[in-house]
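This report concerns only the one structure given below.
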Amino acid sequence: MAKTIQEINEKIRQGKAVVATAEEIIDLVKQKGTQKAAREVDVVTTGTFGPMCSSGIYFNIGHSRPRIKLGGGRVYLNDVLAYAAFAATDLYLGANALPDDDPRNRFHPGEFNYGGGHVIEDLVAGKDIRLIATAYGTNCYPRRKLETWINLKDLNEAVLFNLRNAYQNYNVAANTSEKTIYTYMGVLKPHLGNINYATAGQLSPLLNDPYYKTIGIGTRIFLGGGTGYITWHGTQHNPHAPRSENGVPRQSAGTLAVIGDLKQMSPRWLVGTSMLGYGATLSVGIGVPIPILSEEILRYTTVKDEEIFAPVVDYSEAYPGRSSEILGEVSYGELKSGKILIQEKEVPTASLSSYPRAVEIANTLKEWIMKGEFLLTEPVAPLPGVEAGITFKPLNERPIEDNRRI
Amino acid sequence: MAISKRVVLHFPSRLVEQPIIYKLVKDYNLVLNILKASVTPKEEGLLILELSGAREDYDRGIQYLTDIGVRIQSLGQNIMRNDARCTHCGACVVICPTGALTLDPKTRMVNFHEDKCTACELCVLACPPRAMEVHF
């Protein structure tokens, strides 16, 4: 029954493609059986929406008269420090960037009300952004100061380029200490007061294609409300993580690097986010279509929350100390019930990833495909899989002796 | 008929040093539970109370407060959810101590029950997209 992406695209063009979300496919296969469903269904859509710190934008502001070389200078966007280390007018802004005068955690927990992620949201919302830059001046780029409003519509290029998104599974965070702690996994109350998790579970892209059999470099995706592409595996991509029998990793594993034109994205799907006591970041919406090329690929997409397990990690001690000790393993089915039993205590659970938004992404992508507006792409190269032999390396610190020269 | 309501009282600076709460108890037979108080001498005072008592006593007590110049708001008005910013992640539901923020198990959307909110404001900074707003 094997189908090809070209055949599926032909059906999409004719408006005849059969598409289901990764949630709908579970019941559909239960009703029809794998064989029949694999013949009928062409695409399964996935979605995830949550804070993704390794996100950012690069953009080109155009040349001022007289010219200024921002590369090597200092540039602020709404007081948030941008990265100015390219040519004259190219900048990068990361989601975690902060204004110089943000008190950070001087008064703990810091609020982090406005950072890079918020500038990105404001920019994509069409708001004017205040750019203030200083440079050192050269013969060809004499200007040393620039203060101007910039707006997305006037930029030559504005591109969302995220180094690591859409983690395939993730830690579940707890706190066994005596004090409330403030983490990138949210506020964690003492004595296992609550437990926070951070993936969309059965709807999450890489949990539906656990061995990256269809998702690869060049895959066209839903990104930030527009379309984008997978450019590479994300940083910390770790396909070698332990897996269940269904192939699904039991801890954080694969990741994606993604890219897309910011000008066609929307602030609904790129939301400036503040993690109390941790920092500013960006919540990103991503959806990946999975072409149902075989029964095997279909079977992977039928994974349920009850079949996806994640480790519960103590963020008061094990995580900061980089210990691999875990408090236990739980399924997303248990996590989504609102409470789990851990160390004989019933602990309420909360999510940092929005499931309703993940559903909306999967449905939007489904609609685009059914209307013939979104064609699938053939990956130009696969993501490194289990066989790639990647080991996820910690930092091996080497002391710097006083007398050693570079 | 007995009644129990949560109210927010704003005191102008001239009233801050008067024993108004004492009068509510003594003259109007009201039972009160202070949920939040922020009183700075010579400046404005803010008090969030749960007031219980007979309907008639409650009405007279509120009349007394209004007459002496206390501005009264009902509690639900003060903590608001900016629905345009809420992404329904659910990070707030384990933070809210009174069950005013809950997750619908079917839709997995976050519901805000204003009647259960005591305006403790714990959700305000714990909300990642900062959708919970204080309007006193």
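The values are calculated or read from the model by the stated rules, or taken from the named source; none is laboratory data. Fair warning: this is a prediction, and the values are worked out from it, not measured in the lab. So basically every Cβ, Gly included, is an ideal-geometry build from the backbone, and we count neighbours across all protein chains shown. Each accessible area value is taken on the protein alone, full model and side chains, heavy atoms only, with ligands, DNA and RNA left out. Shrake-Rupley method; radii C 1.70, N 1.55, O 1.52, S 1.80 Å.
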Distance between modelled label sites at A:LYS32 and A:THR4, nm, 7 Å Cα→Cβ extension
2.3
Along each of its three principal axes, how wide is the spread of alpha-carbon positions in chain A, in whole angstrom units, largest first?
70, 58, 42
At a cut-off of 40 Å², which residues of the range B:93-136 become less accessible once all protein chains are present than in their chain alone, using a 1.4 Å probe?
B:VAL94, B:ILE95, B:ARG108, B:LEU125, B:PRO128, B:ARG130
Would you mind checking the radius of gyration and Dmax of the range B:47-95 based on alpha-carbon positions, in Å?
16.6, 45
Using all Cα-Cα distances in the range A:317-390, what percent lands in each 10 angstrom bin from 0 up to the longest?
13, 21, 29, 26, 11, 0
Residue-averaged beta-carbon neighbours from other chains (10 angstrom radius) around A:344-357
5
Row for the range A:1-114, column shape: gyration tensor on C-alpha, a ≥ b ≥ c, rounded if a/c < 1.5 i.e. under 1.5, prolate if a/b over b/c, else oblate; value oblate
Per residue of A:150-163, how many C-beta atoms from partner chains lie within 10 Å of its own C-beta, taken as a mean?
0
GNM flexibility winner over chain A from A:ASN96, A:ASN162, A:ASN139 (Cα, springs under 10 Å)
A:ASN139
Give me the summed buried accessible area for the B-A pair, 1.4 Å probe, to the nearest 100 Å².
1700
Calculate, for A:ASP154 and A:GLN236, the FRET efficiency according to 1/(1 + (r/R0)^6) with r their C-beta to C-beta distance and R0 30 Å; round to the nearest 0.05.
0.25
What's the percent breakdown of Cα-Cα distances in the range A:136-180 across 5 Å bins, shortest bin first?
5, 10, 8, 10, 12, 11, 8, 7, 9, 11, 6, 2, 0
Taking a probe of 1.4 Å, how large is the accessible area per residue of the range B:80-134, in Å²?
45
Value of D in µm² per second that Stokes-Einstein yields for the range A:196-249, Kirkwood Rh from Cα pairs, at 20 °C (1.002 mPa s)
169
The ratio Rg/Rh over the Cα atoms of the range A:178-286, Rh being the Kirkwood inverse mean 1/r radius, stands at 1.02
With an 8 Å cut-off on Cα pairs and a minimum separation of 6 or more residues, tell me the relative contact order of chain A in percent.
24
Give me the base-10 log of I(q)/I(0) for the range B:62-136 at each q in 0.26 Å⁻¹, Debye formula, one uniform scatterer per Cα, rounded to two decimals.
-1.23
When you count, for each residue, the other Cβ atoms within 10 Å and take the mean per peptide, how do B:64-72, A:16-24 rank with the highest first?
A:16-24, B:64-72
Net charge around B:CYS89, counting only other residues with Cβ within less than 15 Å of its Cβ (Lys, Arg = +1; Asp, Glu = -1)?
+4
Debye sum, Cα scatterers, the range B:2-76, no solvent: what log₁₀ I/I(0) at q = 0.21, 0.24 1/Å?
-0.89, -1.17
Extension gain from A:ARG104 to A:ARG299, taking 0.36 nm per residue of separation minus the Cα-Cα distance:
65.5 nm
For chain A, with a Gaussian network of springs between Cα atoms less than 10 Å apart, report the residue from A:GLY277, A:GLY338, A:GLY33 with the top mean-square fluctuation.
A:GLY33
Chymotrypsin sites (Phe, Trp or Tyr not before Pro) within the range A:1-93, DSSP loop, no more than 16 other Cβ atoms inside 10 Å:
A:PHE86
Give, as a single signed number, the net charge of other residues whose beta carbon lies under 12 Å from the beta carbon of A:ARG67, with Lys and Arg counted +1 and Asp and Glu -1.
+4
With all protein chains present, chain B has a carbon and sulfur share of its accessible area (1.4 Å probe) in percent of 53
Across bins of 5 angstrom width beginning at 0, how are the C-alpha pair distances of the range A:56-159 distributed, in whole percent?
3, 13, 23, 25, 17, 10, 6, 2, 1, 0
Two-decimal Rg to Rh for the range A:172-214 - Kirkwood Rh, Cα set:
1.22
Principal axis dimensions, largest first and in whole angstrom, of the range A:241-318 by Cα
42, 40, 20
Rounded to two decimal places and with Rh computed the Kirkwood way over Cα pairs, what is Rg over Rh for chain B?
1.04
Is there a quick way to get the dipole size of the range B:2-76? I mean about its Cα centre, with the Cβ of Lys and Arg at +1 and of Asp and Glu at -1; what is the value in debye to the nearest 20?
100
Quick one: net charge around A:ALA125, please, counting Lys, Arg +1 and Asp, Glu -1 for every other residue with C-beta under 14 Å from its C-beta.
+2
If the viscosity is 1.567 mPa s and the temperature 4 °C, what Stokes-Einstein diffusion coefficient in µm²/s follows for the range A:71-125 when Rh is the Kirkwood radius over Cα pairs?
109
Isotropic mean projected area of the C-alpha convex hull, the range A:362-406 (nm²)
7.8
Whole number in Å², please: accessible area per residue of the range A:260-406, 1.4 Å probe, ligands, DNA and RNA not counted.
51
